[in-house]
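To keep things clear, I will list the structure first and then write my remarks on it.
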Amino acid sequence: MAIEFPSILLPPSINSGSIVDITVRRNHDSEAATQAAFDTLQNSIFEKYGLHTPSEPKLRCRNATQTSVVLEWDPIDLATAELRSLSLFRNGAKAGSIPRPMDITSTKISGLAIDTEYTFQLVLRTSAGTYQSEKLEVRTHKMTELSGITVTPGVLPAQLRQSLAIAVERVGGKLVDTVRIDTTHFVCTEGRGKEWERAVEMNIPVVRPEWIEGCEREGRIVGVRGYYLNADPRLRQVGQGIGMGGAPASGHAHSRSRNESQASMRPPSNLADQRRTSGTPANIATDRTGSPQTNVVPPTPPAKDENRESKSGQSVSRSASVSSVSDRGEDANGVDAIKERPRSSGTRVLVQSPMGASHKEQDLPYRAGSAAASSEDVDAPEKQVSDSGTMEDVAL
């Protein structure tokens with residue numbers, strides 16, 4: 001067996017014709033070091049690309065109001081994968097994609113229905129696969145639930161700021177020093193400052209401190225239209241609901257008293273309604289101030305009109321089947337009074353003018369042929385034909 005060995009590898013003392021002994025042996029130490037380095041590299045590659053994978057998003061609710069929900073999540077972990085997209089789904093349908101998902105960790109969904117349950121889910125798509133968060137169920141608040149209010153105070157006097165903090169705590173809301181994504185209202189008395197500019201930029205309602213007082217008084221969320229810095233206070237809807245203490249608001253009581261006053265101004269439909277509403281007998285005259293005058297001599301009845309008597313006789317004769325009618329006399333004080341008397345051969349009825357200024361009695365003959373009056377005429381004997389031909393209410 002011949003081995004060709006390069007002469008350049010021979011020691012310098014070797015000359016032509018020299019005999020050289022060459023020994024070959026295995027280097028175990030070098031083999032061990034090389035194997036250890038290879039194993040370390042292989043394990044690092046496996047741990048980096050085989051064990052550490054992207055994490056599923058962790059979605060949670062940060063705040064909820066009557067019409068909006070603020071969601072937040074932990075920073076996404078892609079491991080060694082590349083990001084494709086991060087999308088938000090609402091009730092199983094895609095609501096939109098999150099811009100700059102590596103930097104943004106929260107979002108606000110507006111325009112929701114009041115007191116409605118929604119389901120949200122984050123879907124992360126990467127080069128290593130698709131990862132989904134657990135479904136999050138969130139219910140928007142009712143109009144009477146004020147715990148979702150998050151207020152950021154602006155330029156306020158010290159005493160007013162302290163009162164604002166107490167009022168927000170009473171209604172169950174939160175008070176934060178800076179404008180955040182979950183800030184619902186910016187409260188101040190002067191529109192200036194960095195936080196005010198940021199609130200305007202984020203389209204957050206800027207209202208006066210009276211808005212919190214209105215919510216507490218009404219026990220529900222009230223509109224902000226009348227509470228803007230330059231808004232007319234008359235636009236504030238005060239007293240439309242029941243306060244948190246259970247007592248009706250002053251505006252509601254005022255509206256009720258106004259309705260009662262309007263009802264009292266309507267004239268009664270008949271003599272019975274007049275007695276019931278005013279509590280004063282209909283035959284007692286009143287002065288201009290509305291106080292009754294008991295000692296008033298009734299006016300002299302006008303001369304009898306034969307035409308009117310004939311018209312009245314035709315109407316009253318139809319109700320001759322009524323058992324008894326009322327007659328009018330005078331009591332000891334000279335005041336008109338109504339009394340009952342049995343039916344005689346003639347029927348006496350009291351005709352009252354539309355304004356109640358004068359009264360007169362009419363004796364109408366009783367005719368047997370009128371006993372066949374209809375039941376409708378008997379049930380409604382309070383109808384009398386006036387001079388103009390229309391029906392008026394009379395007292396029987």
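Checked against (1) under 30 Å from Asp74 (Cα atoms); (2) touching a strand residue (DSSP E or B) at 6+ places or on another chain (Cβ under 7 Å), Glu197 passes all but a single condition, namely (2).
How many residues are buried (at least 16 other Cβ atoms within 10 Å of the Cβ) and assigned to a strand (DSSP E or B) if we restrict to segment 172-194? Selection size over segment 172-194: 5.
Pull up segment 95-114, narrow it to residues that are surrounded by 13 or more Cβ atoms within 10 Å (Cβ to Cβ) and in a loop (DSSP other than H, G, I, E, B), then point me to the one that is farthest from the chain's Cα centre (by Cα).
Filtering segment 95-114 down to residues surrounded by 13 or more Cβ atoms within 10 Å (Cβ to Cβ) leaves 95, 98, 101, 104-109, 112, 114.
After this cut, where a residue has to be in a loop (DSSP other than H, G, I, E, B) as well, the list is 98, 101, 104-105, 112, 114.
Values: Ile98: 31, Pro101: 35, Ile104: 32, Thr105: 31, Leu112: 13, Ile114: 8 Å.
Ranking the candidates gives Pro101 first.
Confirm whether Ile221 is under 19 Å from Ser106 (Cβ atoms), assigned to a loop (DSSP other than H, G, I, E, B) and either among the polar types (S, T, N, Q) or in the same structural domain as Gly154 (by TED's automatic domain parsing) (or both).
Values: under 19 Å from Ser106 (Cβ atoms): no; assigned to a loop (DSSP other than H, G, I, E, B): yes; either among the polar types (S, T, N, Q) or in the same structural domain as Gly154 (by TED's automatic domain parsing) (or both): yes.
Considered against the rule, which asks whether it is under 19 Å from Ser106 (Cβ atoms), assigned to a loop (DSSP other than H, G, I, E, B) and either among the polar types (S, T, N, Q) or in the same structural domain as Gly154 (by TED's automatic domain parsing) (or both), Ile221 comes out as no.
Just one of the listed residues (Arg60, Arg100, Arg90) is more than 25 Å from Val206 (Cα to Cα) and in contact (Cβ under 8 Å) with a residue 60 or more places away in the chain, and it is Arg60. All of Glu145, Glu137, Glu197, Glu169 fail the test of being within 27 Å of the chain's Cα centre (by Cα) and part of a helix (DSSP H, G or I), apart from Glu169. So is Thr130 more than 26 Å from Ala199 (Cβ to Cβ), out of contact with any Ser or Thr (no Cβ under 9 Å at 6 or more places or on another chain) and surrounded by fewer than 19 Cβ atoms within 10 Å (Cβ to Cβ) or not? It is true that Thr130 is more than 26 Å from Ala199 (Cβ to Cβ), out of contact with any Ser or Thr (no Cβ under 9 Å at 6 or more places or on another chain) and surrounded by fewer than 19 Cβ atoms within 10 Å (Cβ to Cβ). Listed by first and then second residue, the pairs with beta-carbon distance under 7 Å, at least 6 apart or on different chains, first residue in segment 161-176 and in the same structural domain as Glu195 (by TED's automatic domain parsing) and more than 14 Å from Glu145 (Cβ to Cβ), second assigned to a strand (DSSP E or B) and among the aliphatic types (A, V, I, L, M), are Leu164/Val187; Ala165/Leu175; Val168/Val151; Val168/Leu175; Leu175/Val151.
Within segment 154-188, the set of residues being closer than 13 Å to Glu210 by Cα and not hydrophobic (A, V, I, L, M, F, W, C) comprises Arg161, Ser163, His185.
Only a single item in (1) under 30 Å from Leu51 (Cβ atoms); (2) out of contact with any Lys or Arg (no Cβ under 7 Å at 6 or more places or on another chain) is not met by Asp74, and it is number (2). Which of the following residues is in contact (Cβ under 8 Å) with a residue 12 or more places away in the chain and more than 27 Å from Ile104 (Cβ to Cβ): Leu124, Leu146, Leu136? The unique qualifying residue is Leu146.
The values are calculated or read from the model by the stated rules, or taken from the named source; none is laboratory data. If you're wondering where the values come from, they're calculated on a predicted model, not measured in any experiment. All Cβ positions, even for glycine, are placed from backbone atoms using ideal geometry, and neighbour counts span all protein chains on display.
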